[in-house]
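Have a look at the structure below, then the notes.
The values are calculated or read from the model by the stated rules, or taken from the named source; none is laboratory data. This structure is a prediction, so every number in the text was calculated from the model and none was measured. Glycine gets a Cβ as well: all are built from the backbone with ideal geometry, and neighbour counts include every protein chain shown.
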Amino acid sequence: MRYLILGCGWVGEFVAKLWLNEGHEVWASTTTDEKYHRLRSDGIFVFTHNFDKSATLPDDLPIDFDYILVSIPASSKSTIEQLTHRFFHVAQSLSTLTYKKIIYLSSTGIYPDVSKEIMEDTFAENELQEKLLLAEKAIGQFPRTHVFRLGGLFGLNRIFAKYFANKICTTGGQLANFIHLEDVARIISLGFVTPLTYAIYNVVCPLHPSKKDVIEASAKNYGFDLPSAFNDSASFQKIVRSARLQNDLNYTFKYKSPLDF
């Protein structure tokens, strides 16, 4: 198989190495020289490219791929104008390639912070976060494209308790809508080779303990200090469900709960 990863960030680098180990050919774009050299040393066909500046892909890039993973962020720090420009370039680039399937990695941050059980079609488009929706629609216009809305990402050196050690935690009463990197990687790989019914899927652990419980569990597991205090501000009970994903992929999570991370 030949894979292309546009925007090879934390998730992209992890899955790229898995695919290489399985004997696949992997191409990837990055914006930094440091990552370019690291990916190249791993055996990835890597090129530096900034989609804010150009849609023109390298001349030596193949035009035909089995699967394309798009993991270019619609970051909150960017303006709507910047993101429109960025994803116009991404779409232009994709239009020059042939492929069997595209998966775009989005975020459950697209949903409003409300006390509700949330499925993929719970909200109308005008209720969704504007910047993430812009990106999803830019990539989703292509045939055989599926959007994976990822929950809060943890695994490897991303340990929830680390971010709250000796600090005041004001969100402990909220429910965790998290996902482990290893499950994300398995779901992406399965998503490429499995026929998918829907355009959009939530990718979140099936269990939703409180963030306070997750902090305490990960602090104990990894030896981090607890927060200096749990002082909840106005909270909400948001639960993002991924039953659609589990059903379509017949998927069993390795980490069913963030307490297991």
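Numerical summary
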quantity	calculated
Test: L39 is under 23 Å from H180 (Cα atoms) and either without any contact (Cβ under 8 Å) to a residue 40 or more places away in the chain or assigned to a loop (DSSP other than H, G, I, E, B) (or both)	yes
Sole residue being within 23 Å of E13 (Cα to Cα) and of a type in the set (V, I, T), chosen from T48, T96	T48
The listed residue being within 23 Å of V184 (Cβ to Cβ) and loosely packed, with under 13 Cβ neighbours inside 10 Å, out of S76, S71, S95	S76
Residue in region 102-111 that is assigned to a loop (DSSP other than H, G, I, E, B), within 20 Å of E125 (Cβ to Cβ), under 20 Å from the mean Cα position of the chain (by Cα) and at pLDDT 95 or above present	yes
Qualifying residue in region 74-91 (condition: among the hydroxyl-bearing types (S, T, Y), within 20 Å of the chain's Cα centre (by Cα) and assigned to a strand (DSSP E or B))	no
Subset tally (residues that are basic (K, R) and either out of contact with any strand residue (DSSP E or B) (no Cβ under 7 Å at 6 or more places or on another chain) or farther than 27 Å from N166 by Cα (or both)) for region 212-242	2
Any hit, region 11-21, residues being surrounded by fewer than 16 Cβ atoms within 10 Å (Cβ to Cβ) and either modelled with pLDDT under 95 or assigned to a loop (DSSP other than H, G, I, E, B) (or both)	no
S106, sole failed condition from (1) out of contact with any His (no Cβ under 8 Å at 6 or more places or on another chain); (2) farther than 24 Å from S257 by Cα; (3) surrounded by 17 or more Cβ atoms within 10 Å (Cβ to Cβ)	(2)
